[in-house]
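The values are calculated or read from the model by the stated rules, or taken from the named source; none is laboratory data. Computed from a predicted model, the values in this text were never measured in an experiment. We place every Cβ from the backbone using ideal geometry, glycine too, and count neighbours over all the protein chains shown. When the accessible area is computed, the model is the full protein with side chains, heavy atoms only, and any ligands, DNA or RNA have been set aside. Shrake-Rupley method; radii C 1.70, N 1.55, O 1.52, S 1.80 Å.
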Amino acid sequence: MATVTYELLKRQDDRTSSTIIQLLTGNNTYDKMAKEATDAILTRDREDDEKLAKGIQISIDRGVIPSKIEVEPITKVTTIGKKADEVADEILAKLGDAVQKGCVVVFQGLSGTGKGTTVAKLKEKIGGKCVTWSNGNVFRTLTLLTVKHCEANGKEFSADVLTTELIGDMVKMLTFGKVGEGDSAKFDISIKGAGLDTTVGEIASTLLQEPSITKHIPTVAHQTQGDVINFGGKALGQLAEAGYTVLLEGREQTVNYIRTPYRFELVIPDTNILGQRRAAQRIMAQVLKDVDAAEGEKRADYNDDCVKMLEKLA
């Protein structure tokens, strides 16, 4: 029988969720929760794909990115029944000595297939010059520049403001490269224009997180997908050329535009497992939150706590 120990509960990782799935599968309440979670994941992924496709088409229509691209072969990696270490080791075997030379590695797949966990595990295993890339701060920076443009010109923020000319001007305000001198130099995005002379690293946790920026990101992202893809692609190339292994996870529509022979799709043949994992993650997080750390080691298991939490969350 599956046993949820305090040590396992503290891990809050794939081992914890797998044990809770073993413990609770067959419980009608859990099975119902898992199915609802699966349906929600698949629905959200489908809706996100549709929204992203519209944004990609806008960039295609603007001539920013091509409508047809040739994508390198994709290696499919099944994650079900494997520990995160095993999945990471399987990918590392495929990468070979590329991680010592510098490369870009892209990951795609449905939500819940373990992309984030795999990327974190790979970063841990590769160490050294291994970094992750996200377009998130590029979108936030373009949103900041759009807001400043509207303020300076007395315009109300809207998608109509984001003309091809304005987007082009804002992208020219961004450069990617090493910032600083000597050993302290590091790669960052520099921003020069619209009254700004700074780097993304300096404002990532302050200015770029302001509500006035966050609320407008969806509008800007919808209009600038291609521009951000192109900017990111060049930055990734610079990092790889400098000897970094760059890990990028994203949706197929966008990562298809990134040129690299190292492409992986994480798959789970039975999509029901997506919901089982999500439900298990909710339960284990709440059970750990309620545990008295001082008493934790004294308990043989937390199986009953998981069942009670299931009933509470249902």
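Numbers for the structure displayed
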| item | result |
| --- | --- |
| Qualifying residue in the range 139-156 (condition: under 30 Å from residue 102 (Cα atoms) and without any contact (Cβ under 8 Å) to a residue 24 or more places away in the chain) | no |
| Extreme residue, modelled with the lowest pLDDT, among residues of the range 103-146 that are among the aliphatic types (A, V, I, L, M) and open to solvent by 20 Å² or more (accessible area, probe 1.4 Å) | 110 |
| Condition check for residue 279: small (Gly, Ala, Ser) and open to solvent by 70 Å² or more (accessible area, probe 1.4 Å) | no |
| Pairs with Cβ under 8 Å, 6+ apart, first in the range 42-59 and in contact (Cβ under 8 Å) with a residue 60 or more places away in the chain, second outside any helix (DSSP H, G or I) and among the aliphatic types (A, V, I, L, M) | 42/110; 45/110; 56/65; 59/65 |
| Pick from the range 70-102, criterion among the hydroxyl-bearing types (Ser, Thr, Tyr) and either free of Cβ contacts under 8 Å to residues at least 60 places away in the same chain or open to solvent by 20 Å² or more (accessible area, probe 1.4 Å) (or both), ranking: farthest from residue 244 (Cα to Cα) | 78 |
| Failed condition for residue 161, given (1) out of contact with any strand residue (DSSP E or B) (no Cβ under 9 Å at 6 or more places or on another chain); (2) open to solvent by 30 Å² or more (accessible area, probe 1.4 Å) | (2) |
| Cβ pairs under 6 Å, 6+ apart, first in the range 187-199 and without any contact (Cβ under 8 Å) to a residue 60 or more places away in the chain and within 26 Å of residue 132 (Cα to Cα), second surrounded by 14 or more Cβ atoms within 10 Å (Cβ to Cβ) and among the small types (Gly, Ala, Ser) | 188/201; 199/190 |
| From 134, 67, residue being part of a loop (DSSP other than H, G, I, E, B) and under 28 Å from residue 278 (Cβ atoms) | 134 |
| Test result for residue 29, under 18 Å from residue 268 (Cβ atoms) and assigned to a helix (DSSP H, G or I) | no |
| Filter result (open to solvent by 10 Å² or more (accessible area, probe 1.4 Å), more than 11 Å from residue 24 (Cα to Cα) and either in contact with a Ser or Thr (Cβ under 9 Å, 6 or more places away or on another chain) or hydroxyl-bearing (Ser, Thr, Tyr) (or both)) within the range 298-312 | 299, 300, 301, 311 |
| First in the range 24-36 and open to solvent by less than 100 Å² (accessible area, probe 1.4 Å), second anywhere and assigned to a loop (DSSP other than H, G, I, E, B) and among the small types (Gly, Ala, Ser), Cβ under 6 Å, 6 or more apart | 29/314; 33/314 |
| Residue ID - farthest from residue 265 (Cα to Cα), chosen from residues in the range 69-85 that are modelled with pLDDT of 95 or more and charged (D, E, K, R) | 70 |
